[in-house]
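Presented below is the structure to which this report refers.
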Amino acid sequence: MKLLFPSIQSLENCWSKPSDTLLWQLSQNESSVAPALRNTVLNDPDYKQLIKELGNPPPPEPVEIDTSIQLPAWMLERVETQQTLRQQLSATTAGVGVMIAVDELDQPGGVLERDVPAPLTVLLRRADGPAGYWQGWYVAAEADYASVWDYVLQDGDGHFDPAITAMVQVWNPLRFRLPARYRVIGQLEASCLAAIEALAAEFAGTGETGCTFVDPEARPGLVGMRQTRGNHTVVTGTPLGQPQHDPRCRYQTIYRQVAALLNEPVAATVPVDQAPWWQNWLDSVERFAAELNWTCSPPPTVWVMGTETSLATRFERVIDNRLSIRLLANDTLKQLHFRLLTPGKLQLMVEVDNELEWRVTLSDTHAEATWTVPEPVLEQGAVLILRDAETGSAQQLILPGKALP
């Protein structure tokens with residue numbers, strides 16, 4: 001297995017240590033640090049000694065600077081990259097597709113209750129309400145740890161520094177109030193955002209939580225190009241393996257805890273997001289299969305190539321190992337796509353208010369069909385009837401109304 005950089009141990013150390021700002025505040029005995037946070041740091045003898053030394057520094061000694069030393073080429077290149085990026089982003093503020101870094105959290109009442117050991121880096125997805133809340137995804141530098149649900153940024157995706165923002169963690173969404181102080185560190189192109197949205201839609205459709213065992217032979221450190229079902233080309237890692245063999249599982253646990261530094265204030269004051277409009281239909285499909293004791297699972301997601309360029313997959317489920325049901329949608333069009341996976345014939349009928357709305361027969365020679373969902377059906381609901389053409393047995397799947405986005 002490839003050795004991943006940086007090590008998990010170094011990442012755990014990075015996010016568990018107190019920040020330099022906190023250490024300095026404690027050395028100055030500032031009252032703005034909450035007692036619980038103060039005690040946590042001072043209970044560590046090493047940090048206690050460091051704070052003591054910071055509070056009583058030795059007198060400065062004169063230092064001679066050797067101006068003849070030449071900086072290495074890689075360091076000069078890093079400086080040039082950062083200067084160019086600053087110029088490109090000089091007039092950019094928070095907005096869709098902008099990446100920000102948060103160095104410190106807002107302090108209600110002027111009291112520091114939660115420390116930020118390192119900058120929190122986020123891609124802003126969209127504003128969420130009038131109170132300054134945003135949705136987004138966490139952005140990280142460690143592309144070696146990319147999973148199949150990490151979008152690895154490429155040249156041409158926008159203005160960013162890959163040493164700081166190398167991949168978008170689609171499995172790690174955020175909803176938070178934009179802090180009073182933040183730094184703009186990047187901005188992505190609209191085409192890149194569309195590809196990330198397509199990847200996010202696939203992830204939402206799987207029902208996964210991120211660290212889910214998928215691949216019996218994990219390949220951490222490997223990235224490659226693939227297609228989303230929305231026909232976007234993306235570069236991602238590979239599916240996760242068993243936690244005891246795949247360090248990316250521990251990596252994702254660390255970064256969920258990191259993201260909680262931003263998520264926590266929102267959870268305390270703002271109701272949880274309402275489920276997406278299509279969630280009722282997904283729930284109905286899963287209940288339908290469970291009541292019949294049929295299997296119901298997402299299809300393999302890594303190497304499936306889509307054929308629809310304008311619609312995003314909201315969910316896909318394979319029921320009874322026989323029929324794939326996939327919901328595709330954009331702002332104006334909703335479609336249910338059906339695919340027969342086994343030999344035989346299956347009749348599909350959609351009824352609205354006991355009136356036949358749509359009918360098709362799937363077979364070996366006509367295995368796929370698409371029903372374009374009329375807008376009134378989202379409000380009224382419908383019944384999907386599955387009838388085995390050979391046995392005559394029929395089952396009814398309720399598609400509930402009130403599914404308007």
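Bear in mind that the values in this text are calculations on the coordinates, not laboratory data. Note that the structure is predicted; figures quoted are calculated from it, not measured. Reconstructed Cβ throughout: ideal geometry from the backbone, glycine too, with neighbour counts over all protein chains shown.
Multiplying the sequence separation of V96 and L50 by 0.36 nm and subtracting their Cα-Cα distance, what value in nm do you get?
Taking V96 through L50 to full extension adds about 12.4 nm, to one decimal.
Given 0.36 nm per residue, what is the gain on full extension from T342 to Q279 after removing their alpha carbon distance, in nm?
On the way: separation 63, 0.36 × 63 = 22.68 nm, distance 2.70 nm.
Length gained, T342 through Q279: 20.0 nm.
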Inset, instruction - Run through every distinct alpha carbon pair of the chain and return the Kirkwood hydrodynamic radius in angstroms, one decimal place. - result: 24.5 Å
Inset, instruction - Take each uninterrupted DSSP H stretch in the chain, measure its Cα extent along the helix axis, and return the ones at 20 Å or beyond whose mean Kyte-Doolittle hydropathy is at least -1.0. - result: 190-206, 247-269
Inset, instruction - Report the residue, chosen from P119, P247, P376, that carries the largest GNM mean-square fluctuation when the chain is represented by alpha-carbon nodes joined by springs under 10 Å. - result: P376
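Give me the count of lysine pairs in the chain whose alpha carbons sit under 30 angstrom apart, restricted to pairs 8 or more positions apart or on different chains.
Taking the Cα cut-off of 30 Å, the pair count is 5.
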Legend entry - Charge dipole magnitude, Cβ of K and R +1, D and E -1 - the chain, Cα centre, debye nearest 20: 380 debye
Legend entry - Label zone at D331 (point 7 Å along Cα-to-Cβ), backbone N below 19 Å, the stretch 156-184: none
Inset, instruction - Under 10 Å from the Cβ of V33, count the other residues' Cβ atoms, weight Lys and Arg +1, Asp and Glu -1, and hand me the total. - result: -2
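Want the number for D388 to S32: 0.36 nm per residue separation, take away the alpha-carbon distance, what's left?
Values: separation 356, 0.36 × 356 = 128.16 nm, distance 7.01 nm.
Here the segment from D388 to S32 would lengthen by 121.1 nm.
Determine the dipole magnitude for the stretch 62-217: charges of +1 sit on the beta-carbon of Lys and Arg, -1 on that of Asp and Glu, nothing else is charged, the reference point is the Cα centre, and the result goes in debye to the nearest 20.
Here the size comes out at about 740 debye.
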